[in-house]
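S.K.: Structure incoming, see below.
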Amino acid sequence: MKVKKNTVKIITLGCSKNLVDSEHLFAMIASNDLKIVRENEKADNVIINTCGFIESAKEESINTILSAVKEKEKGNLKNLFVAGCLSERYMKDLEKEIPEVDKYFGATDKKKTIRDILKSLEIDYKKSLVGERVISTPSHFAYLKISEGCDNPCSFCAIPIMRGGHKSKPLKDILHEAELLSEKGVKELIIIGQDTTYWGFDNTGKRNLAKVLDELSKIKGIEWIRLMYAYPSRFPSDIIEVIREKDNITKYLDIPIQHISDKVLKSMRRGITKKVLTDLLEKIRKEIPGIALRTTLITGYPNETEKEFLEMLKFLKEFKFERLGVFTYSNEDDTTAAKELKDIIPQKEKFARQQILLEAQRKISLEKNTALTGKKMKVLIDRKDGNYYAGRTYMDAPEVDQEVIIDTKKKLETGNFYETLIYDCEDFDLFGEV
Ligand code: SF4
C-alpha cells in the first residue's frame, strides 16, 4: 500500500468532541510536511472521522464513506481511512460491507487511534506535539475536551459503547492545551466532554470540575469560558460559585435533562427525579444572576405516554429555558432501552411531539429576546456575512444557539468583542448596533 506522501484530507462528522480529535490529528500530520487540504478539495489520502450517535448521523457517515469509495474507484484518491464512533461501533460489519476502505480505526483510545493512523500514513508521531491542535473553528474560539467516554447508564445512549468509560484528561494537559490555544489568539474556550461534571471522579472519587474551571479562568487572554454537557444527577454544586464569581466564565450552562416525568426519567436511568431536577435548576438560576440555561429533550421515548409528553410540555412552558435542543428518540442497537423496550411510538408522532416543544420554545425565545431589546450587551463577532456581521452574546454557544445580527458600515474585527445596543429581535435572533 504505497502512500503517495503529499496531500491529506480529514472529513469530520458529528460532534465537537470528534472535531477536537481531528484537530489533534491535523497537528501531527501537518508537522510531517504533508499538505492538508480542505474538505472540498481532492487529496491522495482521505480520513473520515465518523459519527455513530443516532440513525441520521450513522446514515450521513455511511453516505460520506460511499462517496469517498466512488472517488477512489475513479482514481481521485489513493488511500481511504475511516475512524470515529461509527467505525468503533460497527467495525466488523463495515470491513465486510465496504472492503474498499483501506483501514478502519477505533475511537475509544484516542492516542492509539492517532498513532495507528500516522503509521498507516507512514509518518511520525511526535510526543512533543501532544496537546497541539490545528483548530478548524474560527480562530477566536475553540472547544476544549476535558474527558473521554462516559460512565453513566442512560438507557437510550450508545456513546459509552463507542467511546468507552469515563477518563478525565489530566489537569496539567488541559491547562497546557488551553495555554497553547490562548497563545494562538483563542479568546473563548468551550468546555466539552460526554459528562463534564464527572471530571476527576475516576481519579479521586471526587467530582472536581470546579478546580478545572478555576484554573482555566487564570489563563491570560481567555475572556470567555463556556461550560457544556453538564450532567444533572449528582451535580457538583461547587461549580455554581465558580461560574458566579469568575468574570471570564460565561453565565451560561448547557445541562441536558432529556425529560421531566419521573416514570420516563427512571426508565431512562438518568438517576434523578423531577423534584431534585427542578430544585437544582431553580437553585442554579437563583444563585447565578443572569444565567442562560440550555437543555436538550427527547420525544417519543418508548414508554412516553401522551400524559408524560404533556407533563414535559407544561414544564418547558413554566421553567422557560433560554436555549433548547429537541431530539426524537432513536432506537440504538445494544442500548438498554433497545434491549428491554419496544420502540412503539411511530416516527410521525415522535416528530410531531418534537415540533410542539420547538414551537413552545419559539414563543419563549421571542419573549426573552423582546425583553433584551433596548439593552446593551457584549457581543463577540464570529463572521462577516455579506453586508452584516454575526456575533454572539454570553448566552449563545456557537453552532447551536442564536446570533446577533449587526448591519453596519463600520469595519468590525472578527474575534473582537463590541458593546452592542440590541434594538430589535426575532424569535431566534437579535439585531444590534455597535
Ligand atoms: S451522560 Fe448519558 S446521554 Fe450523555 S453520553 Fe453519557 S450515557 Fe450518553
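The values are calculated or read from the model by the stated rules, or taken from the named source; none is laboratory data. Being a predicted model, the structure only gives us computed values, none of them experimental. With ideal geometry, Cβ positions are generated from the backbone for all residues, glycine too; neighbour counts draw on all protein chains shown. What goes into the accessible areas is simple: the full protein's heavy atoms, side chains included, and nothing from ligands, DNA or RNA. Shrake-Rupley method; radii C 1.70, N 1.55, O 1.52, S 1.80 Å.
S.K.: Can you say whether residue 355 is assigned by TED's automatic domain parsing to the domain that holds residue 193 and surrounded by fewer than 16 Cβ atoms within 10 Å (Cβ to Cβ), as far as the supplied structure shows?
M.R.: yes
S.K.: Under the condition of being hydroxyl-bearing (Ser, Thr, Tyr) and more than 16 Å from the ligand (Cβ to nearest atom), which residue from the range 105-142 is modelled with the lowest pLDDT?
M.R.: Within the range 105-142, the match that is modelled with the lowest pLDDT is 128.
S.K.: Just checking, which of 215, 132 is assigned to a loop (DSSP other than H, G, I, E, B) and not assigned by TED's automatic domain parsing to the domain that holds residue 394?
M.R.: 132
S.K.: Also, quick follow-up: Taking the stated definitions as given, is residue 244 over 24 Å from residue 271 (Cα atoms), among the basic types (Lys, Arg) and either outside the structural domain of residue 272 (by TED's automatic domain parsing) or assigned to a helix (DSSP H, G or I) (or both)?
M.R.: In short, yes.
S.K.: For the range 324-336, name all the residues that are charged (D, E, K, R) and open to solvent by less than 20 Å² (accessible area, probe 1.4 Å).
M.R.: Passing the criteria: only 332.
S.K.: What residue, among those in the range 337-352 that are out of contact with any Pro (no Cβ under 7 Å at 6 or more places or on another chain), among the charged types (D, E, K, R) and open to solvent by less than 80 Å² (accessible area, probe 1.4 Å), is farthest from residue 159 (Cα to Cα)?
M.R.: My answer is 349.
Matching residues to (1) in contact (Cβ under 8 Å) with a residue 40 or more places away in the chain; (2) surrounded by fewer than 21 Cβ atoms within 10 Å (Cβ to Cβ); (3) in the same structural domain as residue 233 (by TED's automatic domain parsing):
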site	(1), (2), (3)
123	yes, yes, no
151	yes, yes, yes
154	yes, no, yes
157	yes, no, yes
160	no, yes, yes
170	no, yes, yes
173	yes, yes, yes
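S.K.: So, residue 266, is that one free of Cβ contacts under 8 Å to residues at least 40 places away in the same chain and within 16 Å of the ligand (Cβ to nearest atom) or not?
M.R.: Here the answer is yes, as residue 266 does meet what is asked.
S.K.: Could I ask something else about it? Condition test on residue 231, is it among the aromatic types (Phe, Trp, Tyr) and not in a loop (DSSP other than H, G, I, E, B)?
M.R.: no
S.K.: OK, next. Test of understanding: among 110, 145, which residue is closer than 15 Å to residue 16 by Cβ, among the charged types (D, E, K, R) and assigned by TED's automatic domain parsing to the domain that holds residue 220?
M.R.: 145
S.K.: Also: What are the pairs with Cβ atoms under 9 angstrom where one residue, in the range 47-70, is of a type in the set (Lys, Arg) and the other, located anywhere, is surrounded by fewer than 20 Cβ atoms within 10 Å (Cβ to Cβ)? Sequence gap at least six, or different chains.
M.R.: Listed by first residue and then by second, the contacts come to 70/76.
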